[in-house]
Amino acid sequence: MNYINKRFFVEKTSVNKIAKKFGTPVYVYSLKKIEQNINNFKKSFKSINPLICFSVKSNCNINILRIIKNQGLGADVVSMGELMIALKAGINPKKIVFSGVGKTIEELDFAINKRILLINAESENEIIEIEKIAKRKKTLVNIGLRLNPDTNAQTLSKISTGKKEDKFGVSQKIFKRIIKNFKNSKYLKIKCLSVHIGSQITSNRPYEKMLRVIKNTIRNNNYNFEYVDLGGGMGIKYNLNQKKLDLNSYSSQIKSFLKKTNLKVIFEPGRFIIGDAGILLSKIIYIKQTKQKNFIILDAAMNDLIRPALYDAKHRISPSEKKNSFINKLHEFVGPICETSDKFLLTKKYQKIEQGDILIIHDVGAYGMVLSSNYNLRPKPAEVLIRGSKNIIIKKRQRINDIV
Ligand SMILES: *Cc1c(COP(=O)(O)O)cnc(C)c1O
(Lines give C-alpha, C1' and ligand atoms only; values in the text may rest on other atoms or scores of the structure.)
Protein backbone atom coordinates (compact mmCIF):
# COMPACT_ATOMS: atom_id res chain seq x y z
CA MET A 1 0.00 0.00 0.00
CA ASN A 2 1.69 3.15 -1.17
CA TYR A 3 1.71 6.23 -3.42
CA ILE A 4 2.55 5.75 -7.09
CA ASN A 5 2.83 9.06 -8.96
CA LYS A 6 1.13 10.79 -6.04
CA ARG A 7 -1.91 8.49 -6.07
CA PHE A 8 -2.45 5.95 -3.30
CA PHE A 9 -2.64 2.31 -4.35
CA VAL A 10 -3.52 -0.93 -2.61
CA GLU A 11 -1.53 -3.45 -4.62
CA LYS A 12 -2.47 -2.61 -8.23
CA THR A 13 -5.70 -0.73 -7.58
CA SER A 14 -5.97 2.98 -6.76
CA VAL A 15 -8.09 3.81 -3.75
CA ASN A 16 -10.04 6.39 -5.77
CA LYS A 17 -11.15 3.59 -8.05
CA ILE A 18 -12.13 1.39 -5.09
CA ALA A 19 -14.13 4.24 -3.53
CA LYS A 20 -15.92 4.89 -6.80
CA LYS A 21 -16.75 1.23 -7.36
CA PHE A 22 -17.84 0.26 -3.84
CA GLY A 23 -18.82 3.58 -2.26
CA THR A 24 -17.60 4.93 1.09
CA PRO A 25 -16.99 4.33 3.94
CA VAL A 26 -15.35 1.05 2.97
CA TYR A 27 -12.78 -1.20 4.63
CA VAL A 28 -10.07 -2.37 2.22
CA TYR A 29 -7.58 -5.18 2.86
CA SER A 30 -4.48 -6.23 0.95
CA LEU A 31 -4.09 -9.99 0.55
CA LYS A 32 -0.37 -9.62 -0.05
CA LYS A 33 0.10 -7.63 3.15
CA ILE A 34 -1.75 -10.24 5.21
CA GLU A 35 0.43 -12.99 3.74
CA GLN A 36 3.59 -10.94 4.33
CA ASN A 37 2.65 -10.35 7.97
CA ILE A 38 2.03 -14.06 8.51
CA ASN A 39 5.32 -14.99 6.84
CA ASN A 40 7.28 -12.45 8.91
CA PHE A 41 5.67 -13.78 12.06
CA LYS A 42 6.48 -17.40 11.14
CA LYS A 43 10.04 -16.52 10.17
CA SER A 44 10.75 -14.67 13.43
CA PHE A 45 9.65 -17.63 15.54
CA LYS A 46 10.91 -20.37 13.23
CA SER A 47 13.24 -21.93 15.80
CA ILE A 48 10.38 -22.25 18.32
CA ASN A 49 7.95 -23.80 15.83
CA PRO A 50 4.84 -22.44 17.57
CA LEU A 51 1.18 -23.08 16.88
CA ILE A 52 -0.13 -19.70 15.73
CA CYS A 53 -3.79 -19.18 16.62
CA PHE A 54 -5.15 -16.02 14.98
CA SER A 55 -7.23 -13.95 17.38
CA VAL A 56 -10.61 -13.97 15.66
CA LYS A 57 -11.91 -11.09 17.76
CA SER A 58 -9.54 -8.71 15.92
CA ASN A 59 -11.17 -9.49 12.57
CA CYS A 60 -13.88 -12.09 12.04
CA ASN A 61 -14.57 -11.75 8.33
CA ILE A 62 -14.88 -15.33 7.09
CA ASN A 63 -12.92 -14.62 3.92
CA ILE A 64 -10.03 -13.19 5.96
CA LEU A 65 -10.21 -16.30 8.17
CA ARG A 66 -10.01 -18.51 5.07
CA ILE A 67 -6.81 -16.73 4.00
CA ILE A 68 -5.41 -17.26 7.47
CA LYS A 69 -6.40 -20.92 7.46
CA ASN A 70 -4.72 -21.41 4.07
CA GLN A 71 -1.50 -20.17 5.65
CA GLY A 72 -1.79 -23.00 8.19
CA LEU A 73 -2.83 -20.91 11.18
CA GLY A 74 -5.32 -21.91 13.85
CA ALA A 75 -7.69 -19.67 15.78
CA ASP A 76 -8.12 -18.14 19.22
CA VAL A 77 -11.84 -17.58 19.82
CA VAL A 78 -13.71 -15.89 22.66
CA SER A 79 -17.37 -16.74 21.98
CA MET A 80 -19.57 -19.40 20.42
CA GLY A 81 -20.08 -17.16 17.38
CA GLU A 82 -16.33 -16.89 16.83
CA LEU A 83 -15.88 -20.63 17.30
CA MET A 84 -18.62 -21.30 14.76
CA ILE A 85 -17.18 -18.95 12.16
CA ALA A 86 -13.63 -20.33 12.63
CA LEU A 87 -14.97 -23.85 12.01
CA LYS A 88 -17.02 -22.61 9.05
CA ALA A 89 -13.85 -21.07 7.57
CA GLY A 90 -12.39 -24.58 7.68
CA ILE A 91 -9.96 -24.14 10.56
CA ASN A 92 -9.05 -27.49 12.12
CA PRO A 93 -10.60 -27.82 15.62
CA LYS A 94 -7.25 -29.26 16.77
CA LYS A 95 -5.81 -25.77 16.11
CA ILE A 96 -8.48 -23.84 18.03
CA VAL A 97 -8.22 -22.47 21.57
CA PHE A 98 -11.15 -20.89 23.39
CA SER A 99 -10.45 -18.02 25.82
CA GLY A 100 -12.68 -15.70 27.87
CA VAL A 101 -13.74 -15.09 31.48
CA GLY A 102 -17.44 -15.78 31.02
CA LYS A 103 -18.03 -18.81 28.82
CA THR A 104 -21.59 -20.03 29.32
CA ILE A 105 -22.54 -23.68 29.78
CA GLU A 106 -23.98 -23.63 26.27
CA GLU A 107 -20.68 -22.35 24.86
CA LEU A 108 -18.60 -24.86 26.84
CA ASP A 109 -20.88 -27.71 25.78
CA PHE A 110 -20.52 -26.72 22.12
CA ALA A 111 -16.72 -26.38 22.35
CA ILE A 112 -16.41 -29.78 24.05
CA ASN A 113 -18.52 -31.41 21.34
CA LYS A 114 -16.26 -29.91 18.67
CA ARG A 115 -13.15 -31.40 20.35
CA ILE A 116 -11.06 -28.25 20.07
CA LEU A 117 -7.41 -28.20 21.17
CA LEU A 118 -7.89 -26.34 24.45
CA ILE A 119 -10.42 -24.51 26.51
CA ASN A 120 -8.46 -21.81 28.30
CA ALA A 121 -10.25 -21.59 31.64
CA GLU A 122 -10.04 -18.40 33.66
CA SER A 123 -11.52 -19.29 37.07
CA GLU A 124 -12.04 -22.13 39.50
CA ASN A 125 -15.79 -22.03 38.98
CA GLU A 126 -15.36 -22.36 35.23
CA ILE A 127 -13.17 -25.44 35.76
CA ILE A 128 -15.84 -26.97 38.00
CA GLU A 129 -18.45 -26.33 35.33
CA ILE A 130 -16.27 -27.86 32.58
CA GLU A 131 -15.67 -30.95 34.72
CA LYS A 132 -19.42 -31.38 35.26
CA ILE A 133 -20.11 -31.24 31.52
CA ALA A 134 -17.22 -33.62 30.77
CA LYS A 135 -18.51 -36.07 33.37
CA ARG A 136 -22.00 -35.95 31.90
CA LYS A 137 -20.55 -36.65 28.45
CA LYS A 138 -18.12 -39.26 29.84
CA THR A 139 -15.24 -37.59 28.07
CA LEU A 140 -11.82 -36.09 28.80
CA VAL A 141 -11.51 -32.35 28.13
CA ASN A 142 -8.18 -30.62 27.48
CA ILE A 143 -7.75 -27.46 29.50
CA GLY A 144 -5.46 -24.47 29.53
CA LEU A 145 -5.36 -22.54 32.78
CA ARG A 146 -4.96 -18.81 32.41
CA LEU A 147 -2.53 -17.24 34.80
CA ASN A 148 -2.77 -13.57 35.69
CA PRO A 149 0.96 -12.80 35.96
CA ASP A 150 0.37 -9.34 37.45
CA THR A 151 2.55 -7.71 34.78
CA ASN A 152 2.07 -4.20 33.51
CA ALA A 153 1.94 -4.35 29.71
CA GLN A 154 2.79 -0.64 29.46
CA THR A 155 0.04 -0.07 26.95
CA LEU A 156 -3.26 1.86 26.96
CA SER A 157 -4.98 1.04 30.28
CA LYS A 158 -8.16 -0.04 28.51
CA ILE A 159 -6.33 -2.80 26.65
CA SER A 160 -4.19 -4.07 29.53
CA THR A 161 -5.24 -7.51 30.78
CA GLY A 162 -2.40 -8.89 32.89
CA LYS A 163 -2.47 -6.86 36.11
CA LYS A 164 -3.93 -8.24 39.31
CA GLU A 165 -6.75 -5.68 39.23
CA ASP A 166 -7.80 -6.91 35.76
CA LYS A 167 -10.57 -9.52 35.53
CA PHE A 168 -8.52 -12.04 33.51
CA GLY A 169 -6.95 -15.31 34.66
CA VAL A 170 -6.16 -16.49 38.18
CA SER A 171 -3.43 -15.49 40.63
CA GLN A 172 -0.43 -17.73 41.26
CA LYS A 173 -1.97 -18.84 44.55
CA ILE A 174 -5.26 -19.95 43.02
CA PHE A 175 -3.41 -21.42 40.06
CA LYS A 176 -1.57 -23.70 42.48
CA ARG A 177 -4.77 -24.70 44.26
CA ILE A 178 -6.49 -25.58 40.96
CA ILE A 179 -3.56 -27.71 39.80
CA LYS A 180 -3.54 -29.53 43.13
CA ASN A 181 -7.30 -30.16 43.13
CA PHE A 182 -7.71 -31.13 39.49
CA LYS A 183 -4.46 -32.79 38.44
CA ASN A 184 -5.94 -36.24 39.00
CA SER A 185 -9.37 -35.49 37.53
CA LYS A 186 -10.78 -38.25 35.33
CA TYR A 187 -12.52 -35.70 33.14
CA LEU A 188 -10.07 -32.83 32.86
CA LYS A 189 -6.53 -32.80 31.58
CA ILE A 190 -4.75 -29.54 32.37
CA LYS A 191 -2.35 -29.40 29.45
CA CYS A 192 -1.48 -25.76 29.15
CA LEU A 193 -0.48 -22.72 31.11
CA SER A 194 -1.85 -19.69 29.29
CA VAL A 195 -1.40 -15.94 29.61
CA HIS A 196 -2.29 -12.81 27.66
CA ILE A 197 -1.09 -9.60 29.25
CA GLY A 198 -2.60 -7.00 26.93
CA SER A 199 -2.60 -5.55 23.47
CA GLN A 200 -0.44 -3.19 21.37
CA ILE A 201 2.73 -4.00 23.32
CA THR A 202 5.79 -2.49 21.62
CA SER A 203 8.48 -3.11 24.25
CA ASN A 204 10.07 -6.45 25.12
CA ARG A 205 10.21 -5.65 28.84
CA PRO A 206 6.63 -6.67 29.75
CA TYR A 207 7.10 -9.98 27.94
CA GLU A 208 10.40 -10.54 29.77
CA LYS A 209 8.64 -10.10 33.10
CA MET A 210 5.74 -12.28 32.00
CA LEU A 211 8.12 -15.11 31.06
CA ARG A 212 9.84 -14.84 34.44
CA VAL A 213 6.51 -15.18 36.26
CA ILE A 214 5.53 -18.18 34.12
CA LYS A 215 8.85 -19.84 34.84
CA ASN A 216 8.37 -19.36 38.59
CA THR A 217 4.82 -20.64 38.44
CA ILE A 218 5.82 -23.80 36.61
CA ARG A 219 8.63 -24.39 39.10
CA ASN A 220 6.29 -23.77 42.03
CA ASN A 221 3.77 -26.29 40.85
CA ASN A 222 6.16 -29.04 39.87
CA TYR A 223 3.69 -30.05 37.17
CA ASN A 224 4.29 -31.08 33.56
CA PHE A 225 2.50 -28.91 31.05
CA GLU A 226 2.50 -29.86 27.40
CA TYR A 227 1.86 -26.33 26.14
CA VAL A 228 2.51 -22.78 27.15
CA ASP A 229 0.12 -20.32 25.48
CA LEU A 230 1.77 -16.90 25.49
CA GLY A 231 -1.25 -15.05 24.09
CA GLY A 232 -0.99 -12.16 21.64
CA GLY A 233 -0.48 -8.45 22.12
CA MET A 234 2.39 -7.86 19.71
CA GLY A 235 2.23 -4.17 18.84
CA ILE A 236 2.38 -2.45 15.45
CA LYS A 237 3.34 1.05 14.21
CA TYR A 238 0.34 3.37 14.23
CA ASN A 239 2.51 6.39 13.54
CA LEU A 240 5.87 6.83 11.94
CA ASN A 241 7.70 7.53 15.24
CA GLN A 242 6.38 4.40 16.94
CA LYS A 243 8.09 1.05 16.59
CA LYS A 244 6.73 -2.42 16.12
CA LEU A 245 7.49 -5.04 18.74
CA ASP A 246 10.86 -6.62 17.90
CA LEU A 247 9.76 -10.20 17.26
CA ASN A 248 13.32 -11.48 16.93
CA SER A 249 14.23 -10.35 20.46
CA TYR A 250 10.97 -11.80 21.75
CA SER A 251 11.87 -15.05 20.04
CA SER A 252 15.29 -15.14 21.75
CA GLN A 253 13.68 -14.41 25.12
CA ILE A 254 11.32 -17.33 24.61
CA LYS A 255 14.08 -19.63 23.44
CA SER A 256 16.06 -19.10 26.62
CA PHE A 257 12.87 -19.52 28.66
CA LEU A 258 12.18 -22.87 26.96
CA LYS A 259 15.63 -24.31 27.67
CA LYS A 260 15.48 -27.79 29.20
CA THR A 261 11.72 -28.06 28.75
CA ASN A 262 9.61 -29.85 26.16
CA LEU A 263 6.96 -27.15 26.16
CA LYS A 264 5.19 -26.41 22.89
CA VAL A 265 4.42 -22.74 22.35
CA ILE A 266 1.07 -21.31 21.27
CA PHE A 267 0.64 -17.68 20.17
CA GLU A 268 -2.59 -15.76 19.74
CA PRO A 269 -1.73 -12.72 17.60
CA GLY A 270 -4.50 -10.57 16.15
CA ARG A 271 -3.36 -7.02 15.52
CA PHE A 272 0.12 -8.02 14.32
CA ILE A 273 -1.34 -10.15 11.51
CA ILE A 274 -4.18 -7.96 10.28
CA GLY A 275 -3.76 -4.44 11.78
CA ASP A 276 -1.73 -2.75 9.06
CA ALA A 277 -3.26 -4.85 6.27
CA GLY A 278 -6.51 -2.86 6.35
CA ILE A 279 -7.50 0.75 5.65
CA LEU A 280 -10.78 2.62 5.81
CA LEU A 281 -11.68 4.88 2.88
CA SER A 282 -13.88 7.86 3.58
CA LYS A 283 -15.19 10.80 1.58
CA ILE A 284 -15.16 14.39 2.78
CA ILE A 285 -18.79 15.51 3.11
CA TYR A 286 -18.08 19.10 4.16
CA ILE A 287 -15.24 21.29 5.30
CA LYS A 288 -16.38 23.65 8.03
CA GLN A 289 -14.01 26.51 8.71
CA THR A 290 -13.88 28.19 12.09
CA LYS A 291 -11.47 30.71 13.43
CA GLN A 292 -9.46 28.08 15.35
CA LYS A 293 -9.60 25.15 12.98
CA ASN A 294 -10.98 23.49 9.90
CA PHE A 295 -13.36 20.65 10.66
CA ILE A 296 -13.02 17.98 7.99
CA ILE A 297 -16.38 16.22 8.20
CA LEU A 298 -16.10 12.67 6.88
CA ASP A 299 -18.70 10.11 5.87
CA ALA A 300 -17.00 7.62 8.23
CA ALA A 301 -17.84 7.89 11.92
CA MET A 302 -17.30 6.28 15.29
CA ASN A 303 -19.85 3.63 14.41
CA ASP A 304 -17.53 2.50 11.60
CA LEU A 305 -14.28 2.83 13.58
CA ILE A 306 -14.55 3.34 17.31
CA ARG A 307 -10.89 3.02 18.37
CA PRO A 308 -10.19 6.78 18.49
CA ALA A 309 -13.33 7.45 20.56
CA LEU A 310 -12.99 4.37 22.76
CA TYR A 311 -9.25 4.16 23.37
CA ASP A 312 -7.97 7.56 22.31
CA ALA A 313 -6.18 5.67 19.56
CA LYS A 314 -4.55 7.72 16.81
CA HIS A 315 -4.79 6.52 13.23
CA ARG A 316 -2.92 8.32 10.46
CA ILE A 317 -5.15 9.92 7.83
CA SER A 318 -3.77 10.60 4.36
CA PRO A 319 -5.16 11.98 1.12
CA SER A 320 -5.76 9.65 -1.81
CA GLU A 321 -3.88 12.14 -4.01
CA LYS A 322 -0.82 13.98 -2.80
CA LYS A 323 -0.51 17.72 -3.47
CA ASN A 324 2.31 20.12 -2.78
CA SER A 325 0.33 23.01 -1.25
CA PHE A 326 -0.29 22.96 2.50
CA ILE A 327 -2.64 24.93 4.74
CA ASN A 328 -1.06 25.97 8.03
CA LYS A 329 -4.10 25.68 10.26
CA LEU A 330 -5.42 23.11 12.72
CA HIS A 331 -7.40 20.41 10.95
CA GLU A 332 -9.75 18.17 12.88
CA PHE A 333 -11.10 15.06 11.14
CA VAL A 334 -14.54 14.21 12.50
CA GLY A 335 -17.52 12.00 11.72
CA PRO A 336 -21.16 13.04 11.35
CA ILE A 337 -22.40 11.34 14.57
CA CYS A 338 -23.99 13.47 17.29
CA GLU A 339 -21.25 12.92 19.88
CA THR A 340 -18.28 15.13 20.61
CA SER A 341 -16.13 12.01 20.84
CA ASP A 342 -16.87 11.22 17.20
CA LYS A 343 -13.52 12.49 16.04
CA PHE A 344 -10.53 10.77 14.50
CA LEU A 345 -7.52 13.07 14.50
CA LEU A 346 -6.25 16.60 15.02
CA THR A 347 -3.31 17.81 12.91
CA LYS A 348 -1.43 21.12 12.89
CA LYS A 349 -1.43 21.47 9.13
CA TYR A 350 -2.66 19.51 6.17
CA GLN A 351 -2.36 19.55 2.42
CA LYS A 352 -5.06 21.32 0.46
CA ILE A 353 -8.18 19.14 0.39
CA GLU A 354 -11.72 19.64 -0.86
CA GLN A 355 -15.25 18.45 -0.37
CA GLY A 356 -15.65 15.09 -2.15
CA ASP A 357 -12.00 14.06 -1.76
CA ILE A 358 -11.22 10.53 -0.60
CA LEU A 359 -9.12 10.07 2.54
CA ILE A 360 -7.38 6.97 3.88
CA ILE A 361 -7.58 6.08 7.58
CA HIS A 362 -4.65 3.72 8.14
CA ASP A 363 -4.05 0.53 10.13
CA VAL A 364 -7.66 -0.38 10.83
CA GLY A 365 -7.52 -4.08 9.89
CA ALA A 366 -7.70 -5.11 13.56
CA TYR A 367 -10.48 -3.96 15.92
CA GLY A 368 -12.01 -1.92 13.08
CA MET A 369 -14.96 -3.60 11.39
CA VAL A 370 -15.49 -6.00 14.34
CA LEU A 371 -16.30 -3.07 16.62
CA SER A 372 -18.63 -1.32 14.17
CA SER A 373 -22.24 -0.71 15.13
CA ASN A 374 -25.48 0.79 13.89
CA TYR A 375 -25.29 3.80 16.22
CA ASN A 376 -27.28 6.74 14.85
CA LEU A 377 -28.97 4.04 12.75
CA ARG A 378 -26.12 4.11 10.26
CA PRO A 379 -25.54 1.01 8.11
CA LYS A 380 -22.27 -0.88 8.66
CA PRO A 381 -19.67 -0.35 5.91
CA ALA A 382 -18.61 -2.80 3.19
CA GLU A 383 -15.33 -4.77 3.20
CA VAL A 384 -13.24 -5.33 0.08
CA LEU A 385 -10.21 -7.55 -0.45
CA ILE A 386 -7.56 -6.50 -2.98
CA ARG A 387 -5.49 -9.10 -4.79
CA GLY A 388 -3.26 -7.44 -7.39
CA SER A 389 -5.64 -5.71 -9.77
CA LYS A 390 -8.59 -7.84 -8.62
CA ASN A 391 -10.98 -6.51 -6.01
CA ILE A 392 -13.45 -8.79 -4.30
CA ILE A 393 -16.27 -7.73 -2.04
CA ILE A 394 -15.99 -9.83 1.15
CA LYS A 395 -18.82 -8.19 3.08
CA LYS A 396 -21.64 -6.24 1.52
CA ARG A 397 -22.54 -2.83 2.87
CA GLN A 398 -25.55 -3.13 5.15
CA ARG A 399 -28.65 -1.83 3.38
CA ILE A 400 -30.40 0.99 5.10
CA ASN A 401 -33.78 -0.65 4.48
CA ASP A 402 -32.64 -3.73 6.38
CA ILE A 403 -31.94 -1.79 9.53
CA VAL A 404 -34.91 0.57 9.38
C1 LIG B 1 -7.50 -9.97 22.34
C2 LIG B 1 -6.79 -11.22 22.64
C3 LIG B 1 -5.70 -11.63 21.85
C4 LIG B 1 -5.18 -10.83 20.67
O5 LIG B 1 -4.57 -9.64 21.01
P6 LIG B 1 -3.75 -8.78 19.93
O7 LIG B 1 -3.29 -7.62 20.68
O8 LIG B 1 -4.70 -8.44 18.84
O9 LIG B 1 -2.63 -9.65 19.44
C10 LIG B 1 -5.09 -12.82 22.16
N11 LIG B 1 -5.51 -13.58 23.21
C12 LIG B 1 -6.54 -13.21 23.99
C13 LIG B 1 -6.95 -14.09 25.11
C14 LIG B 1 -7.20 -12.02 23.73
O15 LIG B 1 -8.22 -11.65 24.53
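The values are calculated or read from the model by the stated rules, or taken from the named source; none is laboratory data. Worth saying up front: this structure is predicted, and the values here are computed from it rather than measured. Counting neighbours? That spans all protein chains shown, and the Cβs are built from the backbone with ideal geometry, glycine included. Only protein heavy atoms, including side chains, enter the accessible area calculation; ligands, DNA and RNA are left aside. Shrake-Rupley method; radii C 1.70, N 1.55, O 1.52, S 1.80 Å.
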TODO: Could you check the simple spin-label distance between residue 246 and residue 289, using points 7 Å along Cα→Cβ, in nm with one decimal?
DONE: 4.8 nm
- [ ] Run through the DSSP bridge list for segment 31-274 and note the antiparallel percent, rounded to the nearest 5.
- [x] 5 percent
TODO: Working from Cα positions, state the angle (0 to 90°, nearest 10) between the long axis of helix 124-137 and the longest principal axis of the chain.
DONE: 70 degrees
TODO: Rank 218, 127, 119 by mean-square fluctuation in a GNM of the chain with C-alpha springs under 10 angstrom and give only the top-ranked residue.
DONE: 218
TODO: Using only Cα atoms, find the angle between the long axis of helix 31-44 and the longest principal axis of the chain, and express it within 0 to 90 degrees, rounded to the nearest 10.
DONE: 40 degrees
Open item on the list: With a 10 Å cut-off between alpha carbons and a GNM built on the chain, which of 41, 267, 54 moves the most?
Closed with: 41
- [ ] Just order 89-95, 187-193 by mean Cβ neighbour count inside 10 Å, highest at the front, would you?
- [x] 187-193, 89-95
Task: Efficiency of FRET from Cβ geometry, residue 110 and residue 219, R₀ 30 Å, rounded to 0.05 - done: 0.25
- [ ] Please name whichever of 356, 44, 174 sits farthest to the positive end of the charge dipole of the chain, dipole taken about the Cα centre and charges placed at Cβ: Lys and Arg +1, Asp and Glu -1.
- [x] 44
Task: Of 217, 287, 81, farthest towards positive along the dipole that unit charges on Lys, Arg, Asp, Glu beta carbons give the chain - done: 217
Task: Cut-off 14 Å between beta-carbons: net charge of the residues surrounding residue 165, Lys and Arg +1, Asp and Glu -1 - done: +2
Task: Base-10 log of normalised Debye intensity for segment 31-274 (one unit scatterer per alpha-carbon) at q = 0.08, 0.14 Å⁻¹ - done: -0.28, -0.89
Task: Within a Gaussian network of the chain (alpha carbon springs, distance under 10 Å), most fluctuating of 380, 138, 57 - done: 138
TODO: Place +1 on the Cβ of every Lys and Arg and -1 on the Cβ of every Asp and Glu in segment 31-274, take the dipole about the Cα centre, and give the residue among 249, 119, 148 whose Cα lies farthest towards its positive end.
DONE: 249
Task: Assigned charges on the beta-carbon of Lys, Arg, Asp, Glu; segment 31-274 dipole about Cα centre (debye) - done: 700 debye
TODO: Please arrange 122, 339 by accessible surface area, largest first, computed with a 1.4 Å probe and ligands excluded.
DONE: 339, 122
Open item on the list: Assuming 0.36 nm per residue, please report the length gained on full extension of the stretch residue 36 to residue 396 beyond their Cα-Cα distance.
Closed with: 127.0 nm
